[in-house]
1. Give V364, V336, V318, V323 a once-over and let me know the one that is in contact (Cβ under 8 Å) with a residue 24 or more places away in the chain and more than 17 Å from the chain's Cα centre (by Cα).
2. Got a number for residues in the range 53-91 being touching a strand residue (DSSP E or B) at 6+ places or on another chain (Cβ under 6 Å), under 13 Å from T286 (Cα atoms) and open to solvent by 20 Å² or more (accessible area, probe 1.4 Å)?
3. Would you mind telling me which numbered condition in (1) away from ligand 1 (no atom under 16 Å from the Cβ); (2) in contact (Cβ under 8 Å) with a residue 24 or more places away in the chain D198 fails?
4. Pick from Q392, Q358, Q421: which is in a strand (DSSP E or B) and not small (G, A, S)?
5. Would you confirm, using the coordinates I've provided, whether S159 is open to solvent by less than 20 Å² (accessible area, probe 1.4 Å) and within 30 Å of M330 (Cα to Cα)?
6. Can you find a residue that is of a type in the set (S, T, Y), under 17 Å from F298 (Cβ atoms) and not in a helix (DSSP H, G or I) anywhere in the range 68-79?
7. Listed residues M246, M255, M320, M218; which is within 13 Å of ligand 1 (Cβ to nearest atom), of a type in the set (A, V, I, L, M, F, W, C) and touching a Phe, Trp or Tyr at 6+ places or on another chain (Cβ under 6 Å)?
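The values are calculated or read from the model by the stated rules, or taken from the named source; none is laboratory data. For clarity, every value in this text was computed on a predicted model and none was experimentally measured. Reconstructed Cβ throughout: ideal geometry from the backbone, glycine too, with neighbour counts over all protein chains shown. Just the protein is used for accessible areas: all its heavy atoms, side chains included, with ligands, DNA and RNA removed. Shrake-Rupley method; radii C 1.70, N 1.55, O 1.52, S 1.80 Å.
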Amino acid sequence: MIYNEEFETLPREVLEALQLKRLQQVVQRVYHTVGFYRTAFDEAGVKPDDIKSLADLARFPFTTKQDLRDNYPFGLFAVPMSSVVRLQASSGTTGRSTVVGYTKRDIDVWSELMARCFAAAGLNKNDIIHNAYGYGLFTGGLGAHYGAERLGASVIPMSGGNTKRQIMILQDFGPTAICCTPSYALNLAEQGRAMGVDMRNLKLRVGIFGAEPWSDKMRDDIESALNITALNIYGLSEVMGPGVSMECTEGRSGMHVFEDHFLIEIIDPETGSVLPYGEKGELVFTTITKEAFPLIRFRSRDITTLNIAPCRCGRTHVRMDRVMGRSDDMLIIRGVNVFPSQIEAVLLNIEGVEPHYQLIVERVDTLDTIEVQVEVSEKLMDESEGEVRVLQNMERRIVKDMKDYLGISAKVKMVEPKSLQRFEGKASRVIDKRQI
Ligand code: ADP
Ligand code: ZN
């Protein structure tokens, strides 16, 4: 089913005319309301009036995650706080993380786009949706929740964790659809089986999974473990949250980007130049209807390809392939975003620890694990005379700080001074062994 038949199936030329009009408006608006954009445009020598066609956008400067951090928390908002009805933040980041705001109308649009996603998955008001995305600052939970309500479905606001209870609810309430991260779906299937529950015979029909990278192999595993159709959904808090793009049921053929609200470009991450459809590069988003937190040419760092070929479902919106990687070093550990530099910051705050560390990421069964190996200082080694208890206390402290500041559960191993690899040139701190 197509939730908004009119806008999701606009002929390309009509859609592009609409995009141009909306783009001109938003560029004008940010130029006059957000100091950051005025300065950035002036420095690049461009004016809002320069947008005469969609291609003109390529002359405008990019916005990066660093720009968002520099303007933490509300510096890029384009409306006064009295018009903001909701604040959310990107998962698991300390201090200068990414804070996003929404007006009432922004929430309205977001709800509609999430409703479009559910409809694209074949759901309607008769469905019961088990929402296991985390509720809270993270955009997943509330984003999906409002969309499910907009569709008129019955939503179960489960949030994440408490797996045994989730399995009980899956049996008792009989939801027909589930949304969560793909790794959590596998985890549920596994724990359910361990509890003796026949997970293939629940009422579940469809799963809507996203917020982290996954593969078709994982999709096969989830589909067979839960006996459902598993679909991919994509989003990022900066641009809106979940529901920026969604697969339709026309067979694993990419996610339609809701282009009446977002302009999407694909660029060469090295040179910044715009690439044609079909080429692999980094996604760049411009929001053309957002009020509170409009973004111009935001570099997502997500690497994929775009496909403009018509889709059998009738939607005319461009499709993006699954995210194949990132052009930065961000890790997603059980749905929590974390940069090695943030882990480093936590380590460097602790006396007796050397700034030499290695991160080992693995997937054990269905769960991501991260081990931090870090060198103890010679000084501490001497003072403690190698006493095990001192090192154990240190490990415990690091585990706690990682949890408190970054929201991730890590295994920490203190190693001898000078035992980790040294790098000439760019350090490669992360060993990612996940096969997904
Ligand atoms: P969210 O709340 O949607 O996870 P975040 O801003 O915390 O938003 O994280 C966004 C990032 O999560 C994206 O830039 C992308 O790297 C990753 N992501 C989201 N959805 C998917 C998906 N379906 N496949 C792969 N990666 C995804
Ligand atoms: Zn389609």
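1. After ruling out the rest, the residue left standing is V318.
2. Here the count works out to 3.
3. Against the list (1) away from ligand 1 (no atom under 16 Å from the Cβ); (2) in contact (Cβ under 8 Å) with a residue 24 or more places away in the chain, D198 comes up short only on (2).
4. Answer to the check: Q358.
5. Spelling it out, it is not the case that S159 is open to solvent by less than 20 Å² (accessible area, probe 1.4 Å) and within 30 Å of M330 (Cα to Cα).
6. Keep residues of the range 68-79 that are of a type in the set (S, T, Y), which gives 72.
Still in the list and also under 17 Å from F298 (Cβ atoms): 72.
Still in the running and not in a helix (DSSP H, G or I): 72.
Yes, the range 68-79 contains a residue that is of a type in the set (S, T, Y), under 17 Å from F298 (Cβ atoms) and not in a helix (DSSP H, G or I).
7. M255
Table: residues versus (1) under 27 Å from E13 (Cβ atoms); (2) more than 16 Å from ligand 2 (Cβ to nearest atom).
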site: G254; (1), (2): yes, no
site: F262; (1), (2): yes, yes
site: I267; (1), (2): yes, yes
site: F285; (1), (2): yes, yes
site: D302; (1), (2): no, yes
